[in-house]
Amino acid sequence: MNRPAFRWDGKPFYFLFVLICSTLGSVILTGCGGSEPAPVTSQPAPQPTTPAPVTPPPQVAQNTQSTPVKEPAKQDDGRKMIDGIPYDVWFDNPLAVAGNQQAVSPVALPGNTVAATPTSTPSATEMKTADSQPASAAGGVDWKTIIPMPVLDSLVKDIRNRLTKNMQSVGTYNTSYLELPTFTSTLAALAGIATEHPDDIGWKKNAKYLRDLAAGISSKQLMRGAKSYREIQVPYEQMIVIMNGSLPAGVPDSEDKKPLSDVASMGDLMKRIDIASKWLKSNVGNADALKSEKEKVIEEAHLLAAVAKVITTEGYGYVDDKGFLGHANPMMEASLQMVEAAKADNFPEFDKGLTRVYKACTECHSEYKE
């Protein structure tokens, strides 16, 4: 049998060659590394149950050398962690967050704690949506939306001017006495609304007296002649003083709150609805008329909405009548639709609202009679 020519301690020469190469490789690798790897700690990282996200204060980096980024690890439950802290706590770009100069406003939290939350400007669409969804007054009717106080005050002034003209003399009274109850009942209803309205006006503190004085005139059986004229002359003059902002002497005491059904008859209020709707139909037939009569259109539409709401309140007998409410409530909504259309000079939308008002009136009158 042929054997290798060279041997060393009974082993083949190529075994020696492999040993020498391995030794040289170890020496070379040790010289290049310069240090041994850092020992790995066996202590487990803390894992808080629910750490509160905290925004770290902005810090300016002092070292321009790049720092290795730690790779997110996963907990046993599948959540990403970095050094035991949930991954979603860390900002993706902390310097950008620190440079954000957006203003913040305090938000009350449970336990009288205040947290800062970013404020933002609502878009035009969000503002329009908010405007179209008025908040209801707590525990009552949202009179502020149905008939804003400036509109209510303007309507009261219109009635005062009408009464002043009608009550100049026995002669002017004789030509208008049949229409007086319609407007004094409307005045009583508006004064009653004022006592419940969240906003203020100069005569609001005496609104209950105005309400009852107007209701007293409406309840009388008015006739032609000086006798009937003199019967309402004193309460009329007292109402003028109240509408001017003062309380006259000798006014009977009045309750702070009183059902609107006790001061304004539905028949007279229906006549005022008819006057308003006919005026709108006759005088606002196109876009130009809507623009030129905008202020009066808004007032009459708000009045329609208010009267439609008044006749659904307790005392008129329809508060639980789904059929009647099915006409009155759509009428109120259509009236407010006309208000918004008039403000926007949108005649097609205004015309739709007016058509809805007529539809509600016609269908209601076909089912209900005064």
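The values are calculated or read from the model by the stated rules, or taken from the named source; none is laboratory data. Since the model is a prediction, treat every value here as computed from it, not as a measurement. Counting neighbours? That spans all protein chains shown, and the Cβs are built from the backbone with ideal geometry, glycine included.
Here are a few things to note about the model shown:
- Filtered by the rule that a residue be outside any loop (DSSP other than H, G, I, E, B) and touching a helix residue (DSSP H, G or I) at 6+ places or on another chain (Cβ under 6 Å), region 164-180 gives 166, 170, 172, 173.
- Filter result for residue 187 (assigned to a helix (DSSP H, G or I) and closer than 18 Å to residue 166 by Cα): yes
- Considering each residue of region 265-273 in turn, at least one proves to be under 36 Å from the mean Cα position of the chain (by Cα), outside any helix (DSSP H, G or I) and modelled with pLDDT of 95 or more.
- Residue tally, condition farther than 11 Å from residue 260 by Cβ and either basic (Lys, Arg) or assigned to a helix (DSSP H, G or I) (or both), over region 190-223: 16
- For region 333-364, the tally of residues that are within 24 Å of the chain's Cα centre (by Cα) and more than 19 Å from residue 296 (Cβ to Cβ) stands at 1.
- Region 298-347, residues that are farther than 19 Å from residue 189 by Cβ, surrounded by fewer than 24 Cβ atoms within 10 Å (Cβ to Cβ) and in contact with a Leu (Cβ under 7 Å, 6 or more places away or on another chain): 345, 347
- Of the candidates 288, 253, the single residue that is over 23 Å from residue 145 (Cβ atoms), part of a helix (DSSP H, G or I) and of a type in the set (Asp, Glu) is 288.
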